[in-house]
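Reviewing the structure listed below.
We did not get these values from a lab; they are worked out from the coordinates using the rules stated. Here the structure is a predicted model, which is why all the values come from computation and not from measurement. In this analysis, Cβ positions are derived from the backbone assuming ideal geometry, glycine residues included, and neighbour counts consider all displayed protein chains.
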Amino acid sequence: METFKAILTKIEVREFSQEPVPFEQQIKVLEAGRAAASAYNRQPWNFVLINEKKLLNKIGELAATGPYIAKSQFAVAVYVDPKNTFYKVDGTRAVQNMMLAGWDMGLGSCWVDGIEREKVSQILGAPPEMYLLTIIPFGKPSRKYKGKKSRKPLSKIAFLNNYGHNLLEENKYS
């Protein structure tokens, strides 16, 4: 899949089939996160690959906004070092890479935030000084998605040279 097409079609998936995801694809998702850019190349992240059903179920119970973690084939817990000034931005860059790489391989995913972070971190044995940014569940979507997004038109959110100056009016870009 072309990168631009992946960006335009990637949608949040919360319903997964029970079709197994090969371990090699799981590793490829992690590699995509590892390849993300970071401020000063500090790479302030660590990833925990979770592919045991018992753990996915337990973590799904601890994620108020993401119980569907339990139905995923694997998930990635993304830890970042809060001593690094740009930890949230850098961690988010890694997450976006993983989600786009997964989408390219036919895997759905979704950012999960409502997590009981301390309990999940204890279960996963994470050091207390690391911050659990998110857990991203992955799996083959349970149904066919069109990948059609509802987004504001570019003319409403992008401006030329100063805020409020119509980007598209003078440049005939559509």
Given the range 3-144, report the % of alpha carbon pairs whose separation exceeds 27 Å. 14 percent
At q = 0.12, 0.16, 0.21, 0.28 Å⁻¹, base-10 log of I(q)/I(0) for the range 20-80 (Debye sum, equal scatterers on each alpha carbon): -0.34, -0.58, -0.86, -1.13
Once phi for every residue in the range 44-61 is put through the Karplus expression 6.51 cos²θ - 1.76 cosθ + 1.60 (θ = phi - 60°), the whole-Hz ³J(HN,Hα) values, with Gly and Pro written as x, are x, 10, 9, 10, 10, 7, 10, 10, 8, 4, 4, 5, 4, 5, 5, 5, x, 5
For a quick check: with amide H placed at 1.01 Å from N, whose amide H comes under 5 Å from Leu133's, ignoring anything fewer than 5 positions away on the same chain? Val78, Tyr79, Val80
Longest to shortest principal axis, alpha-carbon extents of the range 81-152, angstrom: 41, 27, 22
Most fluctuating of Thr65, Thr134, Thr85 in the GNM of the chain (C-alpha, under 10 Å) is Thr85
Using Cα positions and a limit of under 12 Å, work out the aspartates and glutamates in reach of Lys58, with same-chain residues fewer than 8 apart set aside. Glu116
Positive-end residue, the range 1-133 charge dipole about Cα centroid, Cβ charges, pick of Ala70, Asn41, Met98: Asn41
Karplus-derived 3J(HN,Hα) from phi for the range 20-33 (6.51 cos²θ - 1.76 cosθ + 1.60, θ = phi - 60°), whole Hz, x at Gly and Pro, runs x, 10, x, 4, 4, 5, 4, 5, 4, 4, 5, 4, 5, x
Relative contact order %, the range 34-174, counting alpha carbon pairs below 8 Å whose residues are six or more apart: 25 percent
Stretched fully, the stretch from Glu19 through Glu2 gains (0.36 nm per residue minus C-alpha distance, one decimal, in nm) 3.7 nm
Ranked output for segments 71-81, 94-104, 45-55 by mean other Cβ atoms within 10 Å, highest leading, reads 71-81, 94-104, 45-55
